[in-house]
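Below you'll find the structure, written out as structure tokens, and then a few comments.
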Amino acid sequence: MLGKLTIEAVPYHEPIIMVALGGAGLLGLLIAGAITKYKLWGYLWKEWFTSVDHKRIGVMYIIVALVMLLRGFADAAMMRTQQALAGNGGEGVLPPHHYDQIFTAHGVIMIFFMAMPFMTGLLNLIVPL
């Protein structure tokens, strides 16, 4: 199913990637645990996830856009840190191929996963049915 992608392709030797993966996994577990503890799964499913109300759909688009804005901000902070530390002949904190990947991911995330959902959500909120 994944072609030549195997478990050996996971970059265990790069601490930035592993900390980010661990932090994202832990945050996901905490959010799922909080939703379960406060018994909000039914409410979220009935009132939000399956809603046909255009205003709620717009709010969900905007929430996703704001989450992606945080991810884009983290990418931008890593890129600026790399530029600041590598500017005086130092090596910086990222290997060159990782910096290139972050640069590309930042552009894609900010256009396709932040700007477009934000505009769609805003239009869903503003335009009446």
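Which value results when the Cα radius of gyration for the chain is divided by 2.2 N^0.38 Å?
For the chain, the normalised Cα radius of gyration is 1.36.
Which of the lysines could a cross-linker span from residue 37 if the Cα-Cα distance has to be under 20 Å and same-chain partners fewer than 8 positions apart are dropped?
Within the straight-line cut-off, residue 37 pairs with 46.
Hey, can you list the DSSP H helices of the chain whose Cα span along the axis is 20 Å or longer and whose average Kyte-Doolittle score is at least 1.6?
Working: long enough: 15-37 (32 Å, 1.83); 54-86 (47 Å, 0.87).
Taking the DSSP H segments of the chain (at least 20 Å long, mean hydropathy at least 1.6), we get 15-37.
Which ordering of 5, 69 is given by a fewest-first count of other beta-carbon atoms within 10 Å?
If I rank by nearby Cβ atoms, fewest first, I get 5, 69.
With 10 angstrom as the radius, rank 31, 7 by how many other C-beta atoms surround their C-beta, starting from the fewest.
In order of increasing Cβ crowding within 10 Å: 7, 31.
Please report the relative contact order for the stretch 53-129, taking Cα pairs under 8 Å with a sequence separation of at least 6, and give it as a percent rounded to a whole number. Please list the in-between numbers first.
Values: 65 pairs, mean separation 42.6, N = 77.
With pairs under 8 Å counted, the relative contact order is 55 percent.
Taking all pairs of distinct Cα atoms, average 1/r, flip it, and tell me the Kirkwood hydrodynamic radius of the stretch 53-129 in Å to one decimal place.
13.8
Throughout, read-outs are computed from the coordinates displayed, never taken from laboratory work. In this text, all values refer to a predicted model and were calculated from it rather than measured experimentally. Note: ideal-geometry Cβ built from the backbone for every residue, glycine included; neighbour counts use all protein chains shown.
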